[in-house]
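So the structure is just underneath, and the comments pick up after that.
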Amino acid sequence: MSLRFYDTGTRTVRTFEPLEEGRVGMYVCGATPQASPHIGHLRSGVIYDVLLRWLRASGYEVTFARNVTDIDDKIIAVAADCDVPWFAVAEGNQRVFTQGYDLLGCLPPTIEPRATGHVPEMITLMRRLIDKGHAYAVGGDVYFDVKSWADQYGELSNQRLENMRSAGDTPNEQLKRDPRDFALWKGAKPGEPSWETPWGDGRPGWHLECSAMATKYLGPAFDIHGGGVDLIFPHHENEIAQSRAAGDGFARYWLHNGLLTVDGEKMSKSVGNVVLLPDLLGKARPVEVRYYLVSAHYRSLMDYTDASLAEAVSAYQRIEGFATRASELVGTVAPAVPAAFAAALDDDLGVPTGLAVLHETVREGNSALASGDRDAVRRHLADVRAMGDVLGVDPLSPQWSRAGEDDLRPVVDALVAVALEQRQAARARKDYASADAIRDSLSEAGIVVEDTPQGARWELKRG
């Protein structure tokens, strides 16, 4: 099966055909860091990380750009409320975003451009639009003339221009030719950061920056543009309008991930249900949080509950348990992606179907462990590790390996080994009461003992 994606632009599933054979240019709208990331932001991060991993596993060389909107109305408002510089707000929160991505195993983008570093490219784009009659400068602002692009404006979001409301993106709505025109550049205000342009000092409009940065690093036309479904309108609609009106082909496939709610409600500070990564790390390890966030299909609405996280933790630990026992028996293996898993990922990044393949492989692997079939164990372990690597949750990868997480592990291992020898001796003489007492004592100390065909093994309790 060829790789296929649901393209928001055509509202169809399309076979993926990159502009250049063997190479992919991918742009994803990243953070506006006015606050620390919540789990909705992090879900988007791991979703596009899986896409990146699968493209690379499929043989593509990927240039992945994920921007940072480091100047914005909200950032300026937070800075004013906290009486700190705007750049301190953006920089401090962006570091937390990066830490969150890293903690959840997201591979770094090829380039992570910031809006404030690309004002020259924005000026060039505005000049091209003005020269073509698609933009105009007035009162220090620069606006895109929506009516000049009326035949195509609204195609991505499946809307008609006559049904759209005012953009409402500046306090100078009266200066616009049409209330639906959107700001490319906002004139300077006292006390706010600004940059010099031929049309007056000011700062970027939200939409302009992405078009300027995407085409700088990926070219006038590129393969994939991703982001949350909430960005379809107006952000991505406006990106398309200004880019194509300027003469750029821009993105050829538009992928949008579903949003994340909490107990059925949209996350909101006023409701008090915003869930941050530290909130989850008290309930699950980073790899378990990642497994949870990738487990639903990327286009689906995902509803967070403590119960659903706990289910994901249990599911991941079944994978981890098999991988750990299998590696103890057969050692290292060469990972190999099963055909059924590849078919699932090729079908619009069908992770839920891929996870079903992964768990079936784990079940078969556990059966092979029970029967002592080393060859079968080796095959299943190779499959599990390959699938886990694509999803970023391979239990035996250095990032997630429990080995070395505690410098006292060798000491604890030796002490537990003595206790297990005593337990085995008690069982051999059929003193089951003593054997159970030893196991109960270990459990009270936070050590879980599992009897396997290869003998007793132990691990620390989780959660």
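Brief remarks follow.
- With a requirement of 2 or more residues that are over 22 Å from ARG43 (Cα atoms), touching a strand residue (DSSP E or B) at 6+ places or on another chain (Cβ under 9 Å) and not acidic (Asp, Glu), the helices (runs of 4 or more DSSP H) lying completely within the range 262-364 that satisfy it span 306-330.
- Of the residues examined, SER243 is not one that is part of a loop (DSSP other than H, G, I, E, B) and at pLDDT 95 or above.
- Close Cβ contacts (under 7 Å, 6 or more residues apart or on different chains) running from residues in the range 44-61 that are under 16 Å from VAL393 (Cβ atoms) and not assigned by TED's automatic domain parsing to the domain that holds LEU345 to residues that are among the polar types (S, T, N, Q) and crowded, with 24+ Cβ neighbours inside 10 Å comprise ILE47/ASN257.
- Filtered residue count, the range 171-214, keeping only those that are of a type in the set (S, T, N, Q) and closer than 19 Å to LEU156 by Cα: 1
- Qualifying residue in the range 115-133 (condition: surrounded by 15 or more Cβ atoms within 10 Å (Cβ to Cβ), assigned by TED's automatic domain parsing to the domain that holds ASP201 and farther than 21 Å from THR197 by Cβ): no
- Single residue of the range 371-388 satisfying the filter (out of contact with any Pro (no Cβ under 9 Å at 6 or more places or on another chain) and charged (D, E, K, R)) that is nearest to GLY354 (Cα to Cα): ARG379
- Extreme residue, surrounded by the fewest Cβ atoms within 10 Å (Cβ to Cβ), among residues of the range 17-67 that are under 26 Å from TYR304 (Cβ atoms), over 10 Å from the mean Cα position of the chain (by Cα) and basic (Lys, Arg): ARG53
- Per-region count, the range 3-13, residues under 22 Å from the mean Cα position of the chain (by Cα) and not in a loop (DSSP other than H, G, I, E, B): 5
- Once the range 282-309 is narrowed to residues that are farther than 16 Å from LEU355 by Cβ, touching a residue at least 60 places away in the same chain (Cβ under 8 Å) and of a type outside the set (D, E, K, R), the residue that is surrounded by the most Cβ atoms within 10 Å (Cβ to Cβ) is TYR304.
- Count of the range 135-144 residues which are surrounded by fewer than 21 Cβ atoms within 10 Å (Cβ to Cβ) and either of a type outside the set (Gly, Ala, Ser) or not in a loop (DSSP other than H, G, I, E, B) (or both): 3
- Within the option set VAL384, VAL448, being outside the structural domain of ALA315 (by TED's automatic domain parsing), of a type in the set (Val, Ile, Thr) and either within 30 Å of ARG56 (Cβ to Cβ) or modelled with pLDDT of 70 or more (or both) holds for one residue only, VAL448.
- For GLU265, the conditions (1) out of contact with any Asp or Glu (no Cβ under 7 Å at 6 or more places or on another chain); (2) modelled with pLDDT of 95 or more; (3) surrounded by fewer than 23 Cβ atoms within 10 Å (Cβ to Cβ) all hold with the exception of (2).
- Residues in the range 154-197 that are under 30 Å from GLY117 (Cβ atoms), assigned to a loop (DSSP other than H, G, I, E, B) and in contact with a strand residue (DSSP E or B) (Cβ under 8 Å, 6 or more places away or on another chain): 12 in all.
The values are calculated or read from the model by the stated rules, or taken from the named source; none is laboratory data. The shown structure was predicted, so the numbers you read here are calculated from the model rather than taken from an experiment. Here the Cβ is made from the backbone with ideal geometry for all residues, glycine too, and neighbour counts use every protein chain on show.
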